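Notes for the one structure printed next.
The values are calculated or read from the model by the stated rules, or taken from the named source; none is laboratory data. On a predicted model such as this, the values are computed, not experimentally measured, just so you know. Don't worry about glycine lacking a Cβ; one is built from the backbone with ideal geometry, like all the others, and counts go over all protein chains shown. For accessibility, only protein heavy atoms count, side chains too; no ligands or nucleic acids. Shrake-Rupley method; radii C 1.70, N 1.55, O 1.52, S 1.80 Å.
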Amino acid sequence: MNKTDNDIYSLVMKTPITGFDGMLGVCIENDCVSSIDFVESDIKPATTVFARKVESQLNAYFENPAYKFSVPVSLKGTAFRERVWTILRTIPSGETRCYGEVAKELDSSARAIGGACRHNPVPFIIPCHRVIAQTGLGGYSGETDGWKMKIKCWLLAHESEDRHCS
């Protein structure tokens, strides 16, 4: 899991994701979401209006996978990664794209798309879990098994794309 220092997060919340025993830690900078991390931490309630809005939108997604996030994000990545993340935000809930399909849109490689997905700072809002391999799930957050893949499978099942998960 990522960062564990509760002080760096504006909000730490539970999730309904099965197979994941941790929490979501949300970093907020200037009323923009800058990162969402999978953490082992205690709950930290939202104390600002914006943090409560982020929490509300994450909970809305967990209730309804078709929910569209509207909170602003602050992305820090290369120009290429930011182009990938922009494309990922256009993949509708309940649909997937192969790494190669996204690569074709950017005249790039599937491996480069995987790298951009691995460095996605705001999962859920930028739905990198909707990108899969030509012959299977691929990875999630740089892993191809373990608890991170359980999260990807849960998210795909939540969005009715569970045919890839067993």
Segment 49-107, residues that are touching an Asp or Glu at 6+ places or on another chain (Cβ under 9 Å) and of a type in the set (Gly, Ala, Ser): Ala66, Ser74, Ser93, Gly94
For the structure I just gave you, tell me whether Ala157 is among the small types (Gly, Ala, Ser) and buried (at least 17 other Cβ atoms within 10 Å of the Cβ). no
Of the residues in segment 27-38, how many are touching a helix residue (DSSP H, G or I) at 6+ places or on another chain (Cβ under 8 Å), more than 18 Å from Cys128 (Cα to Cα) and assigned to a strand (DSSP E or B)? 2
Of Leu24, Leu75, Leu58, which residue is modelled with pLDDT of 95 or more and not in a helix (DSSP H, G or I)? Leu24
His164 fails exactly one of the following numbered conditions: (1) more than 25 Å from Val71 (Cα to Cα); (2) modelled with pLDDT of 95 or more; (3) touching a strand residue (DSSP E or B) at 6+ places or on another chain (Cβ under 8 Å). What is the number of that condition? (2)
Reported set for segment 7-28 where residues are touching a residue at least 24 places away in the same chain (Cβ under 8 Å) and either under 16 Å from Lys44 (Cβ atoms) or among the small types (Gly, Ala, Ser) (or both) is Tyr9, Ser10, Leu11, Val12, Met13, Lys14, Thr15, Gly19, Leu24, Val26, Ile28
From the option list Arg97, Arg130, Arg118, Arg111, single residue qualifying as modelled with pLDDT of 95 or more, touching a Lys or Arg at 6+ places or on another chain (Cβ under 8 Å) and open to solvent by 50 Å² or more (accessible area, probe 1.4 Å) is Arg97
